[in-house]
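The values are calculated or read from the model by the stated rules, or taken from the named source; none is laboratory data. Everything quoted here is computed from the prediction, not taken from an experiment. Cβ coordinates were reconstructed from backbone atoms using ideal geometry, including for glycine residues, and neighbour counts include every protein chain displayed. What goes into the accessible areas is simple: the full protein's heavy atoms, side chains included, and nothing from ligands, DNA or RNA. Shrake-Rupley method; radii C 1.70, N 1.55, O 1.52, S 1.80 Å.
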Amino acid sequence: MEHIYMDHAATTPMRQEVVEAMMCAMNKSYGNPSSIHAYGREAKRMIQDARDQIALMLGASPHEIIFTSGGSESDNTAIFGAAWSAWLRAREHQSGAERSKPHVITSTIEHHAVLHACEHLEKLGFEVTYVAPDACGVVRPDAVKAAIQPNTCLISLMMGNNEVGSLQPIQEIGELAHAHDILMHTDAVQALGMIELSLNKLPVDFASFSAHKINGPKGVGILYVKQGVAYESFIHGGNQERKHRAGTENVSGIVGMAAAVKLAEEERSDKLVQLAEVRDALWTGLQELLQDRVVLNGHPTARLPHILNVSILDVPTENMLMNLDMMGVMVSSGSACTSGSLEVSHVLQAMELSDERLRSAIRFSFGLGNTKEQAQEVVKRIATIVTRVRNRH
Ligand SMILES: Cc1ncc(COP(=O)(O)O)c(C=O)c1O
């Protein structure tokens with residue numbers, strides 16, 4: 001039985017070209033990029049080349065690219081960095097009683113790297129407003145506008161949702177933020193390689209990315225910080241990343257990320273065609289098989305091409321996941337950290353879906369190696385599961 005992996009939003013297989021680039025980096029020099037001798041200089045040059053390449057691909061300047069350990073660290077750095085920086089500024093200009101901790105706006109459909117960071121900010125005395133999306137999983141600019149306060153310092157809104165794929169109006173909300181002198185952060189982890197990005201033209205001050213979602217290595221990511229934007233560093237120590245992120249750099253990971261970004265950007269238009277073909281074959285097949293017993297979760301058109309979230313109403317999520325796994329199909333119930341537990345997705349809950357839809361939701365996410373034929377095969381395996389479950393009742 002062919003194994004079919006349709007969980008690319010959780011993580012992706014590494015491209016052979018990326019593995020080779022990393023092997024080459026590991027074999028070439030083990031020097032510490034901070035050392036001034038030849039080996040150190042060689043490692044430093046590899047990082048600089050990677051930074052230049054990524055900046056070029058994403059429409060940014062090299063000094064706006066900070067390497068991190070992944071999407072979670074990038075999100076945390078942007079949120080804590082902007083909030084603490086605003087707090088320090090407020091302390092200088094306000095006295096005693098009028099001092100209030102700054103306010104942050106985010107949404108209820110963010111990844112836990114953002115949500116839990118914001119919850120921690122609240123514990124530290126900052127104010128946070130969590131804006132709810134509409135039933136399609138889209139956060140509306142007027143809802144964000146209504147949440148703005150005089151002490152709002154940051155709006156953090158993801159570019160594309162990792163569970164249902166809905167795209168967020170980043171352009172509009174970023175412009176709104178800047179019109180009110182508020183910094184804008186976007187978690188673009190799932191959007192990288194799917195949407196054309198020209199960071200310097202976008203009204204965002206921070207953007208988070210992760211290599212392992214684009215066929216790169218795990219444990220490496222990027223925080224884009226627009227030139228001139230002040231924020232407090234999160235990790236203190238040495239002078240790496242121009243004092244913005246201490247710690248000896250993950251040289252081979254950074255080289256691997258640059259190779260992955262280059263491939264993702266160069267092949268994006270072909271990939272979009274492949275992904276749409278797989279997604280549409282699966283969705284059409286499921287509709288033909290199940291008719292009104294399958295429902296699409298998320299926006300039907302303004303969405304990331306690699307994510308299809310559906311509720312197969314007659315089969316509870318865990319039951320479907322377990323059966324699919326036994327039949328060699330790897331998918332998930334939502335974000336990787338909640339899969340495996342019985343927790344209902346916070347994103348689907350925020351969209352206020354019916355209990356029936358909440359408890360039968362499955363996320364398919366597509367990528368390297370997936371084909372239309374695989375989508376058709378998955379529909380067949382689902383047909384077997386649904387028949388089995390229906391016969392039991
Ligand atoms: C939207 C989003 N943000 C952040 C992350 C965290 O990225 P990382 O696994 O690199 O820490 C993920 C990973 O699932 C994600 O999908």
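Of all residues in the stretch 217-232, which are more than 16 Å from V114 (Cβ to Cβ), assigned to a loop (DSSP other than H, G, I, E, B) and more than 10 Å from the ligand (Cβ to nearest atom)?
Listed by number, the residues that qualify are P217, K226, Q227, G228, V229, A230, E232.
Among helices (runs of 4 or more DSSP H) lying entirely in the stretch 57-162, which contain 1 or more residues that are of a type in the set (S, T, N, Q)?
By residue number, 71-93.
What are the residue pairs meeting all of these: first residue in the stretch 58-80, first residue assigned by the TED database to the domain that holds L183 and under 20 Å from N239 (Cβ atoms), second residue assigned to a helix (DSSP H, G or I) and more than 15 Å from the ligand (Cβ to nearest atom), Cβ atoms under 6 Å, and 6 or more apart or on different chains?
If the second residue must be assigned to a helix (DSSP H, G or I) and more than 15 Å from the ligand (Cβ to nearest atom), the pairs left are S61/A55; P62/R51; P62/D52; P62/A55; I65/R51; I65/I54; I65/A55; I66/E241.
Name, by its number, the condition in (1) assigned to a helix (DSSP H, G or I); (2) away from the ligand (no atom under 13 Å from the Cβ) that does not hold for M257.
(2)
Answer yes if at least one residue in the stretch 47-63 is surrounded by 14 or more Cβ atoms within 10 Å (Cβ to Cβ), modelled with pLDDT of 95 or more and within 16 Å of the ligand (Cβ to nearest atom), and no otherwise.
Looking for residues that are surrounded by 14 or more Cβ atoms within 10 Å (Cβ to Cβ), modelled with pLDDT of 95 or more and within 16 Å of the ligand (Cβ to nearest atom), one finds at least one in the stretch 47-63, hence yes.
Return the total of residues in the stretch 1-31 being within 15 Å of the ligand (Cβ to nearest atom) and among the charged types (D, E, K, R).
Qualifying residue count, the stretch 1-31: 1.
Please name all residue pairs, on different chains or six or more residues apart, with Cβ atoms under 7 Å, provided the first residue is in the stretch 17-39 and is farther than 21 Å from G216 by Cβ and the second residue is at pLDDT 95 or above and aliphatic (A, V, I, L, M).
G31/A43; N32/A43
Name the residues in the stretch 163-202 that are part of a helix (DSSP H, G or I) and not aliphatic (A, V, I, L, M), would you?
Q171, E172, G174, E175, H178, N200, K201
Name every residue in the stretch 233-250 that is within 20 Å of I54 (Cα to Cα), in a loop (DSSP other than H, G, I, E, B), open to solvent by 60 Å² or more (accessible area, probe 1.4 Å) and more than 16 Å from the ligand (Cβ to nearest atom), in order of residue number.
The one that is within 20 Å of I54 (Cα to Cα), in a loop (DSSP other than H, G, I, E, B), open to solvent by 60 Å² or more (accessible area, probe 1.4 Å) and more than 16 Å from the ligand (Cβ to nearest atom): T248.
Answer with yes or no whether G334 is modelled with pLDDT under 95 and open to solvent by less than 10 Å² (accessible area, probe 1.4 Å).
For G334, the condition - modelled with pLDDT under 95 and open to solvent by less than 10 Å² (accessible area, probe 1.4 Å) - is met.
Residue-by-condition table, conditions (1) within 14 Å of the ligand (Cβ to nearest atom); (2) touching a residue at least 12 places away in the same chain (Cβ under 8 Å); (3) surrounded by 24 or more Cβ atoms within 10 Å (Cβ to Cβ):
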{"residue": "E127", "(1), (2), (3)": "no, yes, no"}
{"residue": "A143", "(1), (2), (3)": "no, yes, no"}
{"residue": "A146", "(1), (2), (3)": "no, no, no"}
{"residue": "L154", "(1), (2), (3)": "no, yes, yes"}
{"residue": "M158", "(1), (2), (3)": "yes, yes, yes"}
{"residue": "S166", "(1), (2), (3)": "yes, yes, yes"}
{"residue": "E172", "(1), (2), (3)": "no, yes, no"}
{"residue": "H180", "(1), (2), (3)": "no, yes, no"}
{"residue": "T186", "(1), (2), (3)": "yes, yes, yes"}
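Say we look at the stretch 188-216 and pick out the residues that are polar (S, T, N, Q) and within 14 Å of I54 (Cβ to Cβ); which of these is farthest from the ligand (Cβ to nearest atom)?
Top of the filtered list is N200.
Look at S332 and say whether it is of a type in the set (G, A, S) and either free of Cβ contacts under 8 Å to residues at least 40 places away in the same chain or within 16 Å of the ligand (Cβ to nearest atom) (or both).
Spelling it out, S332 is indeed of a type in the set (G, A, S) and either free of Cβ contacts under 8 Å to residues at least 40 places away in the same chain or within 16 Å of the ligand (Cβ to nearest atom) (or both).
State yes or no: is F67 farther than 27 Å from V164 by Cβ and within 20 Å of the chain's Cα centre (by Cα)?
Spelling it out, F67 is indeed farther than 27 Å from V164 by Cβ and within 20 Å of the chain's Cα centre (by Cα).
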